[in-house]
Each structure stands twice: as structure tokens, then as C-alpha cells.
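We did not get these values from a lab; they are worked out from the coordinates using the rules stated. Treat the numbers as computed from the prediction; the structure is a model and nothing was measured. Backbone-built Cβ (ideal geometry, glycine too); neighbour counts: all protein chains shown.
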Amino acid sequence: MREVSIRLRFTRPCLGYAEKRTRNRNVMYVMPRDPSRRVMFLASWWRDRLSFAAKVLNRYQDLVMHITWDQVVDGRVGTYQRKIIRKRQDGSIKNTGYALHEAFQVGDDIGVNAVLPTNLSIEAFTELLTIVGRYKGISPYNSADDTFGTFDVVSVRPTIRTLVAEPVTV
């Protein structure tokens with residue numbers, strides 16, 4: 001097994017989905033967070049998308065299920081206003097307002113960590129991630145007619161850990 005550090009750059013906004021009331025009683029859709037308030041992307045989201053990529057490549061289907069994901073995302077979120085558009089019965093489009101989301105913006109870089117199974121090379125994993133980024137993306141919020149959270153793979157590198165020596169008292 002090999003631990004990797006991944007950097008992704010969004011090409012479409014990555015939006016939060018959990019409804020939260022703000023102080024002035026408006027609704028904001030926020031990112032899922034762990035108890036320490038760090039943004040999370042669930043491992044099941046990654047598995048689903050990498051399974052799609054493995055089917056596209058017709059390879060690695062059995063290996064993507066054995067990738068272990070760190071659910072914590074390294075990145076800073078901002079806000080994004082999404083237009084709410086409804087179709088009328090006659091087929092015309094009506095803009096009914098805006099929804100406010102917590103979001104990673106276009107151009108934002110995020111970091112994610114994963115542990116790859118022994119038989120999956122970093123190159124093969126990068127190829128899978130590239131397909132996910134182009135066609136599916138990763139975003140807590142996805143509607144049927146929009147794909148949010150598409151991304152480019154910036155880097156996939158082996159994680160290097162350095163041990164910090166504890167001070168010795170004499």
C-alpha cells in the first residue's frame with residue numbers, strides 16, 4: 001500500500017448542500033464538516049466516481065474499491081450564488097432567484113489524501129482521477145442538469161512523513 005497526497009484545481013464551483021439557517025433567517029447551503037469543523041468529502045463519493053472512471057477505462061474496477069480515503073479536505077471555502085431557474089409549463093425559463101452556497105470556487109486548489117492498494121500505481125490512479133475530474137467532478141451538491149465540482153489534477157505524490165524527535169530531558 002502507498003499513501004498519496006493529491007492536489008486538485010476546480011474548473012467549476014464545488015458547492016455545499018446541507019441547509020443551514022443564517023442569523024438573519026436566510027438559508028445557506030454549507031459543506032459537510034467533521035466535529036473539528038473541517039470540510040469533508042465522503043469516501044463513498046470518491047468510490048462512486050472512481051468506479052465510473054474504471055468502467056470508462058475498462059480497467060482497475062476491482063482495485064478502486066480498495067482505495068482508502070481521508071475524508072478531510074484541505075482547502076478554504078468561500079461563498080457562491082447559484083441561480084434558481086424553473087421551467088414553466090409552456091417550456092419557457094423563469095429565473096426565480098438565487099441560492100447561497102458555501103463553495104470552492106473555480107481556480108481553488110484543494111488537498112486530499114488516500115491510501116492506494118499495492119497493485120494500483122500512482123500513474124494509473126492519476127489517470128482515473130483525471131477522468132473523474134473531467135466528466136463527474138466532486139461536489140456535495142449536484143443537481144440532475146448541472147455538474148458541479150469538475151477539476152483538473154494538479155499532482156498526485158507519495159506522502160512523505162518526517163518524524164519529529166521529542167526533546168530529551170537529562
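Say we join alpha carbon atoms closer than 10 Å with springs in a Gaussian network model of the chain; which of 27, 156, 73 then has the biggest fluctuation?
27
Along the Cα→Cβ direction, 7 angstrom out, place labels at residue 3 and residue 105. What is the inter-label distance in nm?
Placing both labels 7 Å beyond Cα along the Cβ direction yields 3.2 nm.
Using only Cα atoms, tell me the angle between helix 43-57 and the longest principal axis of the chain; keep it within 0 to 90° and round to the nearest 10.
90 degrees
Run the numbers for residue 37 and residue 96: contour at 0.36 nm per residue of separation, minus the present Cα-Cα distance, in nm.
Values: separation 59, 0.36 × 59 = 21.24 nm, distance 3.21 nm.
Gain in length upon complete extension: 18.0 nm.
FRET efficiency for residue 68 and residue 27, Cβ-Cβ distance as r, R0 = 45 Å, nearest 0.05? Write down the numbers at each step before the final one.
Values: r = 35 Å, r/R0 = 0.77.
Efficiency, rounded to the nearest 0.05: 0.85.
Neighbour counts of other C-beta atoms within 10 Å: give me 10, 41, 52 arranged from fewest to most. Kindly include the intermediate steps, with their values, before the conclusion.
On the way: 10 24, 41 21, 52 16.
By the 10 Å Cβ count, ascending: 52, 41, 10.
Normalised by the residues of region 2-158, what does the relative contact order come to in percent, with Cα pairs under 8 Å and at least six apart?
It rounds to 40 percent for region 2-158.
Just to confirm the number: angle between the C-alpha axis of helix 122-135 and the first principal axis of the chain, 0 to 90 degrees, nearest 10?
Taking the Cα atoms of the chain, the angle to 122-135 is about 0 degrees.
Tell me, 90, 34 in order of fewest to most beta-carbon neighbours within 10 Å? Let's see the in-between values first.
Details: 90 5, 34 11.
Fewest-to-most ranking of 90, 34: 90, 34.
By how many nm would the segment from residue 159 to residue 89 lengthen if fully extended, with 0.36 nm per residue of separation less the alpha-carbon distance?
Contour length minus Cα-Cα distance gives 19.8 nm.
With the chain treated as a Gaussian network of Cα nodes joined by springs under 10 Å, which of 16, 111, 97 yields the largest mean-square fluctuation?
Among 16, 111, 97, the largest mean-square fluctuation in the Gaussian network model of the chain belongs to 97.
So how do 36, 139, 121 line up by other beta-carbon neighbours within 10 Å, fewest first?
Numbers: 36 6, 139 26, 121 13.
By the 10 Å Cβ count, ascending, the order reads 36, 121, 139.
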